[in-house]
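Only one structure is covered here, and it is reproduced in the block below.
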Amino acid sequence: MKTYYLTDTGKVRDHNEDSLIILNNSNNEYLLAVADGMGGHKAGEVASSIAINYLKNEFEKIDTIGSKKEAIKWIRDCVNEINDEIFEYTNNNIESKGMGTTLVIAIRTKEYILFGNIGDSSGYVFKDKKLFKVTKDHTLVNLLIATGELTETDAQYHPKKNILMKALGAINPAEVDIFDVENDINGIFLCSDGLSNMLSTEQVEVVLNSDLSIEDKMVKLIKKSNIRGGTDNISVAYMEIESGEL
């Protein structure tokens, strides 16, 4: 098992509001998470840090994440607690009012893999040299696609493609989507929209299929995103799973 995560400010923003982490415990269970903060200078990075720090503290408290049912409850409980902490922070710090964060989580154990997300940071599985998106973005254009008011092609160029319908710190209670995926995969890939808006799934696949080290793959993805404009902060977290590895 190899893991690596990396974040970059990009070419346009003057500071980085993303936070991310990869953790594992003595039971060989893994937590990967990416949070993309929003809300202006220092506010967005506070929100994303609250999310990642809370997950880190909670994951390090326990010896095992438990059964799939227990892990789903753990994700939901964490998301709601993070949401409450963000609201509490904004109530005590008026200048940060309106801040929030996306969050995408992946948990891998010997028995199962779960994804959770709220917002438009993305979770993928890599299998048989192909990258498959697991999560669904909570954006205005995705809502319009679901109602038949917009085609997927039109959505790519829609002027309001980045408007979020859900985010932590924006709605109470928080509603996180949970996805249960098969364990027989070759990798788990998470990213903020700073990457997914710059590179297609096929372009990411090319890099993941290369002979580069896992570190160099992540560096290359960020470089390619910056070459294509780097209009937002860029964050990537990746787990490579060798065949037969539990």
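The values are calculated or read from the model by the stated rules, or taken from the named source; none is laboratory data. Because the structure is a prediction, the values reported are computed rather than measured. When we count neighbours, we look across all protein chains shown, and the Cβ atoms used for this are built from the backbone with ideal geometry, even at glycine. Remember, those area values only see protein heavy atoms, side chains included, never the ligands or the DNA or RNA. Shrake-Rupley method; radii C 1.70, N 1.55, O 1.52, S 1.80 Å.
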Worksheet entry | Two-site FRET efficiency, Asp211 against Lys110, from Cβ-Cβ distance with R₀ of 30 Å, rounded to 0.05 | 0.60
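Could you give the dipole magnitude of the chain about its Cα centre, charging the beta-carbon of Lys and Arg +1 and that of Asp and Glu -1, in debye to the nearest 20? Can you show the working numbers first?
Working: 26 positive and 39 negative charges, 82 e Å.
Taking the Cα centre of the chain as origin, the dipole is about 400 debye.
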Worksheet, complete the sentence: Counting only protein heavy atoms with a 1.4 Å probe and every protein chain in place, the carbon and sulfur fraction of the accessible surface of the stretch 18-131 in whole percent equals 46
Fill in: Cα gyration tensor shape of the stretch 7-164, rounded if a/c is under 1.5, else prolate or oblate by comparing a/b with b/c
oblate
Response to the item:
Violations at 25 Å Cα threshold for listed pairs Lys97/Lys136; Lys11/Lys220; Lys69/Lys136; Lys56/Lys130; Lys68/Lys129; Lys97/Lys223 -> Lys97/Lys136; Lys56/Lys130; Lys68/Lys129; Lys97/Lys223
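Please list, by residue number, every one of the trypsin sites (Lys or Arg not before Pro) in the stretch 159-194 that is coil in DSSP and has at most 15 other beta-carbon atoms within 10 Å. Intermediate values should be presented prior to the final figure.
On the way: sites: Lys160, Lys161, Lys166; in loops: Lys160, Lys161, Lys166.
Sites meeting the loop and neighbour criteria: Lys160.
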Response to the item:
Expressed in nanometres to one decimal, the distance between label points 7 Å along Cα→Cβ at Glu58 and Ala146 is 2.3
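Estimate the FRET efficiency between Glu242 and Asn162 by the formula 1/(1 + (r/R0)^6), using the beta-carbon distance for r and 35 Å for R0, to the nearest 0.05. Mind dumping the intermediate values first?
Numbers: r = 36 Å, r/R0 = 1.04.
Calculated value: 0.45.
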Response to the item:
Env charge @ Val79, Cβ radius under 12 Å, K,R +1 / D,E -1, value -4
